[in-house]
1. With each label point set 7 Å from Cα along the Cα-Cβ vector, what nm distance links residue 681 and residue 236?
2. Gain in length, residue 461 to residue 592, computed as 0.36 nm per residue apart minus the alpha-carbon separation, to one decimal in nm?
3. By how many nm would the segment from residue 377 to residue 451 grow when fully extended, if each residue of separation counts as 0.36 nm and the alpha-carbon distance is taken off?
4. Considering only 264, 330, 409, whose Cα is most displaced toward the positive end of the charge dipole of the stretch 68-414, charges sitting on Cβ of Lys, Arg (+1) and Asp, Glu (-1)?
5. Express the C-alpha Rg of the stretch 421-476 as a ratio against the empirical globular expectation 2.2 N^0.38 Å, rounded to two decimals.
6. Could you give the accessible area per residue of the chain, probe 1.4 Å, as a whole number in Å²?
7. For residue 203 and residue 351, FRET efficiency with R0 = 30 Å and r from the beta-carbon atoms, rounded to 0.05?
8. Kindly flag which residue pairs out of 279/544; 443/468; 222/670 have an alpha-carbon separation exceeding 27 Å in this structure.
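The values are calculated or read from the model by the stated rules, or taken from the named source; none is laboratory data. Computed from a predicted model, the values in this text were never measured in an experiment. When we count neighbours, we look across all protein chains shown, and the Cβ atoms used for this are built from the backbone with ideal geometry, even at glycine. These area figures cover heavy atoms from the full protein model, side chains too; ligands, DNA and RNA do not enter into them. Shrake-Rupley method; radii C 1.70, N 1.55, O 1.52, S 1.80 Å.
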Amino acid sequence: MPILGLSGLLGLAVLMFPASHRLNIPYTVLLALTGCLLGVSTQWGIDIQHLGILHDFLVSLNSFHISSDAVLFIFLPVLVFEAALGIDAHRLVDDIAPILLLAVVGLLISAIMVGYTLHWVSGTSLILCLLLGAIVSATDPVAVMAIFKELQAPKRLSILVEGESLFNDATAIVLFGILTAILTGDSRGSVFSGIQSFVKVFLLGILAGLFIGRVFCSVLSKMGQYPLVQITLTLSLAYISFILAEHYFHVSGVMSVVGAALVVGSYGHSTISPETWEKLHETWDHFAFWANSIIFILVGMVVPKIMGSISLNEWLLLGVLVLAAFGARALILFVVLPLFERWHSSANISKAYKGIMLWGGLRGAVSLALALSVMENASFGPDAQRFIGILVTGFVLFTLLVNATTIGALLNLFGLNLLSPIDQIIRNRALKHSLTKIQNTLKNKTSSYNINSDLSDDILRQYQGDKKEVDELLSQSKELSENDWIRVGLLDLCALERAGYLKQFEEGFISTYIIRRLLVQVEDMLDGLQTGDAREGYQVISNKLLEFNWRFRFALACHRKLGISRKLSEHIADRFEILLSSQTVMREDLLTALPKMKPFIGEKSTETLKSLLDYRLKTTEQALNMLQLQYPDYFSMLQKRYLSHTAIRIQEADYEQLRGETVISGEVFKSLESDLQARVRKMAPRPELDLHLEPEKLVRGVSMFSGFPPDRLAHISRLLKPMLAMPGETIVKKGDIGHHMYFISSGCIEVETSPKPVQLGSGEFFGELALITNNPRTFTVKALGFCDLLVLSDSDFKLFLEDNPEVRQTVIETADKRIDMDGVG
């Protein structure tokens, strides 16, 4: 019989979804109401035998026992994981300060205000009232996100409200545990232990989730050929992260699930193919829809049992609770948060957003689960259980029946349901573009197929009327600045760039690590476009992306200080791959998209975008050419590898086309695809880059050593230390005390002399004057590209010249000439 109840319940719940749209009622609200009706009907159904299967269904429902553990351990991990999976982690970090303020400090203030108010009005134990305040102050992520998805609220508003609802659960649960320990006589319930418990549960819960999520992502990356395995692993991740955190690490399971989901959401694009990623989101939408549907009905079924015997005094207390809870939230949003905004200006939130956050802080399954845990705990007396049960249930019902049903109207009132002025203009321009295309196509079809012109004219008049309305709207639109249009165009280009990188990853051209690096680059570009001059922001970030990051510099330091070159080799190979991918996307995707953007952002803005892209492409190709000149053989290997991948993708696309056109059968396609996959598996991974930094090889590259016998070359190699110089790096600085002389094995450097700089290339040397004269450096020397240098320290300088008289003569003669020219080095 439980199977009948569960299957019938799920069927009834999902049928409420289309009903909610017809009745214009939020889905979760209709589910809760349906649950209440079922709760009232279950007892009636048991006594009426002639209802047949309906009677059996109601009896089966009556046998269900919704407990706090069922909510927290069965439904909550799935719902929280799905909610956090859809949050943009990058934007969450941008607003993390106000979110944490609301989730931690705000919840504590709310719990205290509610607790003291109820204690003063009802005379109930202060600790019990504070416990009630902690329970009702936790906004429920399940209810909040369900409503905001339906209403399609603005992105930042959704991030703020959803982020707060996810993070404040841990605070509420910790506070709930401390107060419960005090009420049940546990001596561990002290202020110090409470602070310690909060740090442990909240912060370590997040860290546990991040770690578990990262481990799972590494597994997911190795399951690329098995999409079903990847999707199923994410489901197990939701429960494993919760259970490990709660039962083994003794930290917040909710925070662990949030952390794990954020990791998957951040790394998923670079771990899972775009097609599988889309299927994963669809699957999680199903999981959340089923769990959401069942939990709100089950919770609704409990309401009649709890609220059935509510008294007038309890109704009054419920009214006080509503006023106190929303009064406390208003104080946090309109008094405490503005004080924080003065100190942290980037956290500024508009009054309209604050109004929605005040009214949109819905309560639901989490609050009821905590209340049920009190009602299930024999350590609480009957009066305390009734006090918590009735007031929490009543308050949850109020937020669902009143707040949830009116939040849409409030969004309309504040105009938050409308497009921004820029989006409105783009919408109208897109509509005009489409209407113009429709009219031209209809005219051509009418002529080509000899259709009666009267028929087409009637349809064309309708579209001409629509086009006239759009033209009027465009003429009435507020004129936007050129900077706004450039920002819109650059944002679109960033979206195209992201899609281009993901396509390269899906087709196997770039590795998991490289796609992550590239996606981070796109996020940096988007950050640079948020404020100020869009052109300047884009150029600044474009130049910054070509700079060597701290990881590269650390690998370079390891090479120079410790002689370890492997990491440096990997970073230079990565730079090759990143620059090649960027070049390809700019050429094939971004520049080709500009003509299509012209009708929407205007000709002048399009020309500006083209100049920005041309500049960025030019600097990218310059950086790539520097690498190519230094490592031509490796560049050729990468090009050959790229062509091999291209050939395979062309072959694969051809097979797909032949199957789609039914030229080949499914069996033939599978056979061809199997052969193709075998070829893919045989393809070698990205080759390792040999930096050619072996001292003896570099010594042979210096012309003055070319005629030396092997034993002398070996001796010289022991005295000279290899060094790789980066493009633009200052090797020698004017005014510094010199301790080294440099031989150029390959590459080119520039000496900043007057009136024009001097360039030195392979086989030449510099820096000897400072060692000979014991004077400071006379000029600054910079690397024009990648340079392989051999470094001779001042301690070995005299010995080196004594052992190599031919070199000594050349060095002294060159030094004399440079002294006459006012020195080089």
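1. My value for the distance between the label points is 2.3 nm.
2. 43.7 nm
3. The residue 377-residue 451 span can extend by a further 18.8 nm.
4. The residue sitting most towards the positive pole is 330.
5. The value comes to 1.31.
6. Per residue, the chain has 48 Å² of solvent-accessible surface.
7. So the FRET efficiency works out to roughly 0.40.
8. Where the Cα-Cα span goes over 27 Å, the pairs concerned are 279/544.
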